[in-house]
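So the structure is just underneath, and the comments pick up after that.
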Amino acid sequence: MIQTSTESNHATESNHAVVLVIINQKGGVGKSTTAVNLAASLGELGKAVLLVDLDPQGNATSGLGVEKAQDLQCVYEGLINDAEAEKLIIRGVTPGVDIIPATINLAGAEVELMNEYARERRLADLLQPVRPNYEYILVDCPPSLGQLTINGLTAADHLIIPIQCEFFALEGLTKLLETEKIVKTRMNRDLDILGVLMTMYDGRTSLANQVVEEVKAHFGNTVFKTKIPRAVRLAEAPSYGKSILAYDPKGKGATAYRELAKEVIDRG
Ligand SMILES: Nc1ncnc2c1ncn2[C@@H]1O[C@H](COP(=O)(O)OP(=O)(O)OP(=O)(O)O)[C@@H](O)[C@H]1O
Ligand SMILES: [Mg+2]
């Protein structure tokens, strides 16, 4: 079946990537940690993965050891200057994983996209030609609901929403779900939530368990069975430019992200 860019983004062939967008406009909930380590875990399982860094902070980029040199071609070039995805891809940053990096240059896109034609579809159109080359494309979103995140929502097949096991965990989610609904209605009718992921879980605290119960009451089975534990090693790994699988392969963080990868494959 031939797909045009106006049709659904959904994979129609078995060798056509599923686009998973990691999203929550709340800052510091574990989006980039999940993007990097889920990508690495899917790669370890033999999947062909492309990670797209859609955040000007570039945490997923540096988290996999890519140096954000000033002249590094980043996703900005694809969104604004029509550079081909192929030309932006850095290959094999960790086994099975390629990346389209982000640098601070991407910050300009938030404003520049406002004046562009078909601005919401820029990421979807950028990724379309490389979808046959991958099984999973993971997109790490910035902590806002601006043009970059709208591009993420428009390009997505499914969303992964990390939620930190903390006070006010559900804060802001209403706005995120409203935005999802608008994009689904107007631009991407097959968009859905693959799963809600509880992050930085510390089972010794009753607060963490209360938050999990509250989120489950809200999202039911959409919540992944896998919870990502709070683990110092997960916070340390990016400063070495390594995934948790490379930095602490036998630790609880690596174990959790491997479990998550299996759950994603089962669901997706
Ligand atoms: N499971 C975890 N255990 C311990 N620390 C974690 C865990 N997950 C993430 N962190 C740390 O918490 C901080 C925020 O995580 P991360 O950068 O992944 O969140 P984010 O949602 O991408 O943030 P932003 O909204 O700024 O993009 C980082 O310092 C990260 O190393
Ligand atoms: Mg981030």
Computed ³J(HN,Hα) along region 230-241: with the Karplus parameters 6.51/-1.76/1.60, θ = phi - 60°, integer Hz and x for glycine or proline, the list is 5, 8, 4, 4, 5, 7, 7, 3, x, 6, 9, x
Per GNM of the chain with C-alpha springs under 10 angstrom, the most fluctuating residue out of L51, L138, L113 is L113
Note on region 18-267, DSSP bridge orientation, antiparallel percent to nearest 5 equals 5
The size of the Cβ-based charge dipole (Lys, Arg +1; Asp, Glu -1) of the chain about the Cα centre, to the nearest 20 debye, is 760
Quick note, region 18-267: a/c under 1.5 would make it rounded; otherwise a/b > b/c is prolate and the rest oblate (a ≥ b ≥ c, C-alpha gyration tensor); here it is oblate
In terms of the alpha carbon gyration tensor, root eigenvalues a ≥ b ≥ c, rounded if a/c is under 1.5 and otherwise prolate when a/b exceeds b/c or oblate, region 3-146 is rounded
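What is the order of M200, M114, M187, fewest Cβ neighbours within 10 Å to most?
The fewest-first ordering by Cβ neighbours comes to M114, M187, M200.
Starting with the fewest neighbours, write out K26, K216 ranked by other beta-carbon atoms found within 10 Å of each beta-carbon. Before the final figure, lay out the partial values.
Details: K26 21, K216 14.
Least crowded to most crowded, the residues run K216, K26.
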Computed over region 18-267, the relative contact order (Cα-Cα under 8 Å, seq sep at least six) in percent reads 26
The answer for the net charge of residues other than Y136 whose Cβ lies under 14 angstrom from its Cβ, with Lys and Arg +1 and Asp and Glu -1, is -3
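Can you tell me the order of 174-182, 96-104 when each peptide is scored by its average per-residue count of other Cβ atoms within 10 angstrom, highest first? Could the numbers behind the result be given before it?
Values: 174-182: 13.4, 96-104: 24.2.
Packing order, densest peptide first, comes out as 96-104, 174-182.
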Checked region 143-243 against the a/c 1.5 cut and the a/b vs b/c comparison, axes a ≥ b ≥ c from its Cα gyration tensor; verdict oblate
FRET efficiency (M114, L170; Cβ distance; R0 41 Å; to 0.05) is 0.85
Listed by chain and number, the residues whose amide H is under 5 Å from that of I163, excluding neighbours fewer than 5 places away on the same chain and using placed H, are L197, M198, T199
Restricted to region 1-158, the DSSP antiparallel beta bridge percent, nearest 5, is 10
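Once every DSSP H run of n ≥ 4 in the chain is given -39500 (n - 2.57) and the sum is divided by its residues, what mean residue ellipticity at 222 nm do you get, rounded to the nearest 500 deg cm²/dmol? Kindly include the intermediate steps, with their values, before the conclusion.
On the way: 12 runs with 103 residues, N = 268.
Only helices count here, giving -10500 deg cm²/dmol.
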Surpassing 30 Å at the alpha-carbon level, of the pairs K47/K175; K181/K262; K87/K175, are K47/K175; K87/K175
Largest fluctuation, G65, G30, G46 only, Gaussian network model of the chain with Cα springs under 10 angstrom, belongs to G46
Listed residues I90, I137, I23; largest mean-square fluctuation, Gaussian network over the chain with Cα springs below 10 Å, found at I90
Whole-Å distance linking the alpha carbon centroid of region 180-245 with that of region 103-179 is 16
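We did not get these values from a lab; they are worked out from the coordinates using the rules stated. Small disclaimer: the values here were computed from a predicted structure and weren't measured. Here Cβ is always computed from backbone atoms with ideal geometry, including for glycine, and neighbour counts include all displayed protein chains.
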